[in-house]
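Have a look at the structure that comes next, please.
The values are calculated or read from the model by the stated rules, or taken from the named source; none is laboratory data. Small disclaimer: the values here were computed from a predicted structure and weren't measured. Virtual Cβ from ideal backbone geometry, glycine too; neighbours counted across all protein chains shown.
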């Protein structure tokens, strides 16, 4: 549940999601669910010349199972908070 | 799970699906479930190549198993109308490697 909660806190931030097919999509995080499926708004593909496949897509749903990385804004990372949450999770809630 | 990224808002809209094997299928979303299995009506595949423009293959009514889905995009009809598919050239997308 840690990462689910963590991503929920990032809603509204600008993130880049890199997929397991090398496609990287940048957009505003709209929502996330228990499977870490992600919905992005105002999306654009990072290398549009190489990947014009989503030129007419501005909002998209990304299946959690195909996400390789999520690149976060530095201000979206609170190390202290993550440390505490990780310890709490390790203790079992 | 309310407020999650469900596909409710896309029902009866034209969507663009990218599958794990790199195909791009466009159609009208008619149904879906928790596993992201989807039902697409009036669907067609857009085949990208570097040799010629984008080819469109008519598929009709399709069910795509969720396992095989990477991205479901809401197709902006205005943007799509201004897209000249016959001039678009690109390599097909790579398959997903888990």
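Residue B:88 - would you say it is over 15 Å from the mean Cα position of the chain (by Cα) and within 20 Å of residue A:44 (Cβ to Cβ)?
So residue B:88 fits the description; yes.
Follow-up. Given (1) in a loop (DSSP other than H, G, I, E, B); (2) within 11 Å of chain A (Cβ to nearest Cβ); (3) at pLDDT 95 or above, where does residue B:2 come up short, assuming only one miss?
Tallying (1) in a loop (DSSP other than H, G, I, E, B); (2) within 11 Å of chain A (Cβ to nearest Cβ); (3) at pLDDT 95 or above, residue B:2 fails exactly one: (3).
So which residues in segment A:2-23 are more than 11 Å from the chain's Cα centre (by Cα) and buried (at least 17 other Cβ atoms within 10 Å of the Cβ), if there are any at all?
Residues satisfying the conditions are A:20, A:21, A:23.
Another question, then. Within segment B:20-37, take every residue that is at the interface with chain A (Cβ under 10 Å from one of its Cβ atoms) and not in a loop (DSSP other than H, G, I, E, B) and give me the one that is surrounded by the most Cβ atoms within 10 Å (Cβ to Cβ).
Here the answer is B:32.
Let me ask another. One residue is enough: does segment B:35-49 have a residue meeting the conditions farther than 21 Å from residue A:44 by Cβ and in contact (Cβ under 8 Å) with a residue 40 or more places away in the chain?
yes
Something else: Can you tell me which residue among B:11, B:47, B:58 is under 29 Å from residue A:11 (Cα atoms) and more than 9 Å from chain A (Cβ to nearest Cβ)?
Unique residue meeting the criteria: B:11.
On to the next question. Looking for whichever is within 23 Å of residue B:88 (Cβ to Cβ) and more than 9 Å from chain B (Cβ to nearest Cβ) here; the options are A:47, A:22, A:84. Which one fits?
The match here is A:47.
Based on what the data block shows, is residue B:52 in contact (Cβ under 8 Å) with a residue 12 or more places away in the chain and either within 27 Å of residue A:26 (Cβ to Cβ) or in contact with a strand residue (DSSP E or B) (Cβ under 9 Å, 6 or more places away or on another chain) (or both)?
When the stated conditions are applied, residue B:52 does not pass them.
Is it the case that segment A:38-52 has a residue that's assigned to a helix (DSSP H, G or I) and modelled with pLDDT of 95 or more? It would help to see each step written out before you state the result.
As a first pass, look at segment A:38-52 and keep what is assigned to a helix (DSSP H, G or I): A:52.
After this cut, where a residue has to be modelled with pLDDT of 95 or more as well, the list is A:52.
Checked against the condition, which is being assigned to a helix (DSSP H, G or I) and modelled with pLDDT of 95 or more, segment A:38-52 yields at least one hit.
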